[in-house]
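Note sheet for the following structure.
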Amino acid sequence: MKKYDLIVIGGGAGGLTVAAGAASLGGKVALIEKNDLLGGDCLHYGCVPSKTLIETANRVHAARSLVGLGLQTSGAVDMKAVMDRVRESISHIQEHDDVERFRKLGVDVFLGPGSFQSPHEVRVNDEVLYGKKIVVSTGSRPFVPEVEGLKECGFLTNESIFSLHELPQKLAVIGGGPVGLELAQAMSRLGSETTVIDSSPTLFGKEDKEIRHAMTKLLEKELTILTEASVEKVEMRDGKKILFVKSAGVLSELPVDEILVASGRIPNTGSLELEKAGVLTDIRGYITVNERLETNVSHIYAVGDVNGAFPFTHVAGMEGKLVVQNALLGLRRKVSYDHVPWVIYTSPEVFHLGVTEEEARGQGNDIRVFRVPLSNVDRFVADHQTEGLVKVITDKKGHILGAHAIGQHAGDFMQEVAAAKQFNKKIGALSNVIHPYPSHSAAVQQTADLYWRETLFEGRIQRMLETYVRWKW
């Protein structure tokens, strides 16, 4: 039986971070991946292919908008060419996640499904490995709701949509979360007539109320959106997939060419035989961990989607770095999600960091809110992309509690706010950073300028000046 300092089950973002980090510190590491390729859902079905599809769709959309400048566009999108671009992106990044690269790092890579045989033993193919410490990073997969006729009629998920050879003329998207909205808008911009069906009363449910309302209005210009709606059944009729949609108590038929299911995720834990290791999960199947990312079995850890905390690639990477320190170096560091940003890659993008205004007020905080519409920022005016805003919530002293934005490339130009929050800098510090003109990041600087304007002209300093003037005269 081969023995290792660390066994990693799952070759996605979190697992690769753990394996590479542990090997670089001299640990004897085994990495188990059920598929033939490393990279996980993010590389093959998530972040990389979806962002390639989104960027391609945005370019098509931009080209069609040039009619007002005298340029004419015609013809339908070649879906095969679109998906070739997707595969090119995957192939390029795959080189960094190549099996041989990890073997050169000193990692023993095993391709095949892994399952526990005991708290320290993992079976892969016909071999049993012993691990002093074990990290589970098996990710998640699409949740498919039980809808009558759905499986019989066929559907797409984020794992199969990138194999489309033809663009569907009409597309229904079941689920209005980030994945559903990103792909729905992309497909709409490529030329599909797209309807989003979601059971929630509103889209962007985790976002700031102001952001939520503004972004929903923007998407309604491109998509048909049905909230508080459900698909009761699906049937085939004359070559079309007919969805029976219940909305506002009324049942209506929606004929489409394809259905995309984007109604959430479930953890990949079913085949791990966790019971043989004594590892506990919650009612949804996610592995339960503590602040050190340990399971109830202290030498077994779980990172990434499988622990149910934050389903983002960058969070899996962050958790992976922490686990290397705890599992291999014996530290007892605790994970914190206080400074984790996320981005919904619609067009324009939605950026989220920290608490919303509603959450901050609900916590009883004495807060200040600073906002700047992008129509006030010269670079966005020059780009003719003025739909959006930057909004920062601080405590009364200017420490950042939350930051939110709608805007093209918001995930990039808002990152300096994330850095300021993480390193406990006040919003006023960003006003003193020199921003090149004209740039998108000027939206952040202008928001920070509001802090000084309010502090100097509406606060204690202004009152002191007014008192001095009255005394002098």
Place +1 on the Cβ of every Lys and Arg and -1 on the Cβ of every Asp and Glu in the chain, take the dipole about the Cα centre, and give the residue among Asn158, Gly139, Gln363 whose Cα lies farthest towards its positive end. Gln363
Leaving ligands, DNA and RNA out of it, report the carbon-plus-sulfur percent of the accessible area of the stretch 314-394 at a 1.4 Å probe. 46
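Counting each DSSP H run of 4 or more residues in the chain as -39500 (n - 2.57), what helix-only mean residue ellipticity at 222 nm follows after dividing by all residues, to the nearest 500 deg cm²/dmol? If you can, show how the numbers build up before the last one.
Values: 16 runs with 155 residues, N = 473.
For the chain, the value works out to -9500 deg cm²/dmol.
Using 1/(1 + (r/R0)^6) with R0 = 51 angstrom and r between the beta carbons of Arg103 and Glu222, what's the FRET efficiency to the nearest 0.05? Don't skip to the end; give the middle numbers.
Working: r = 46 Å, r/R0 = 0.90.
Taking R0 as 51 Å, the efficiency between Arg103 and Glu222 is 0.65.
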Would you please state the base-10 log of I(q)/I(0) at q = 0.13, 0.23 1/Å for the stretch 47-117, with intensities from the Debye formula using one equal scatterer on every alpha carbon? -0.60, -1.03
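What helices does the chain have that are whole DSSP H segments, at least 20 Å long along their own axis by Cα, and with mean Kyte-Doolittle hydropathy of -0.5 or more?
For the chain, where a helix must reach 20 Å along its axis and average at least -0.5, the hits are 47-64, 79-94, 442-458.
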Mean Cα-pair separation over length for the chain, i.e. relative contact order, pairs under 8 Å, 6 or more apart, %: 14
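Working out 0.36 nm times the residue gap between Ala248 and His339, then minus their Cα-Cα distance, what length gain in nm do you get to one decimal? List each step's numbers first, then the result.
Details: separation 91, 0.36 × 91 = 32.76 nm, distance 3.90 nm.
Extra length available between Ala248 and His339 comes to 28.9 nm.
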Can you give the extra length, in nm with one decimal, that the chain gains between Arg332 and Gln169 once fully stretched, where that is 0.36 nm per residue apart less the Cα-Cα distance? 53.3 nm
Highest mean first, how do 383-392, 334-343 rank when packing is the count of other Cβ atoms within 10 Å averaged over residues? 383-392, 334-343
Using Stokes-Einstein with the Kirkwood hydrodynamic radius over Cα pairs, what translational diffusion coefficient do you get for the stretch 146-258 at 4 °C and a viscosity of 1.567 mPa s, in µm²/s rounded to a whole number? 89
Figure the gain on full extension for Arg371 and Lys3 (residue separation times 0.36 nm, minus the Cα-Cα span) and round it to one decimal in nm. 126.8 nm
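Given N residues in the stretch 365-417, what is Rg(Cα) / (2.2 N^0.38 Å)?
Rg over 2.2 N^0.38 Å, computed on Cα atoms: 1.22.
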On the principal axes of its Cα set, how long, how wide and how thick is the stretch 279-352? Give whole Å, largest value first. 43, 30, 16
Per residue, how much accessible area does the stretch 351-444 show when a 1.4 Å probe rolls over the protein heavy atoms, in square angstrom? 46
Select from Gly176, Val234, Pro311 the residue farthest towards the positive end of the dipole of the chain; place +1 on Cβ of Lys and Arg, -1 on Cβ of Asp and Glu, and compute about the Cα centre. Pro311
With each pseudo-label sitting 7 Å past Cα toward Cβ, what's the Gln325-His213 distance in nm, one decimal? 4.2
Unpartnered cysteines - no second Cys beta carbon under 4.7 Å - across the chain: Cys153
Could you give the distance between the Cα centres of the stretch 45-91 and the stretch 352-416, to the whole Å? 29
The stretch 260-338: relative contact order from alpha carbon pairs under 8 Å, six or more residues apart, as a whole percent, is 23
Leaving out ligands, DNA and RNA, and with a 1.4 Å probe, what % of the accessible surface on the stretch 22-164 is carbon or sulfur? 52
Spacing of the two label points (7 Å from each Cα toward its C-beta) at Val144 and Ser65, in nm: 3.7
So, R0 is 51 Å and r is the distance between the beta-carbons of Asn290 and Gln72; what FRET efficiency does that work out to, to 0.05? 0.25
Estimated FRET transfer efficiency when R0 is 45 angstrom, pair Ile434-Glu88 (beta carbons, to 0.05): 0.75
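In the stretch 221-371, what is the volume of the convex hull around the alpha carbon atoms, normalised per residue and reported in Å³? Walk me through the numbers before you get to the answer.
Numbers: hull volume 33.2 nm³, N = 151.
Hull volume normalised by residue count: 220 Å³.
The values are calculated or read from the model by the stated rules, or taken from the named source; none is laboratory data. Predicted, not measured: the structure shown is a model, and the values here were computed from it. Cβ: placed from backbone, ideal geometry, glycine included. Neighbour counts: every protein chain shown. Just the protein is used for accessible areas: all its heavy atoms, side chains included, with ligands, DNA and RNA removed. Shrake-Rupley method; radii C 1.70, N 1.55, O 1.52, S 1.80 Å.
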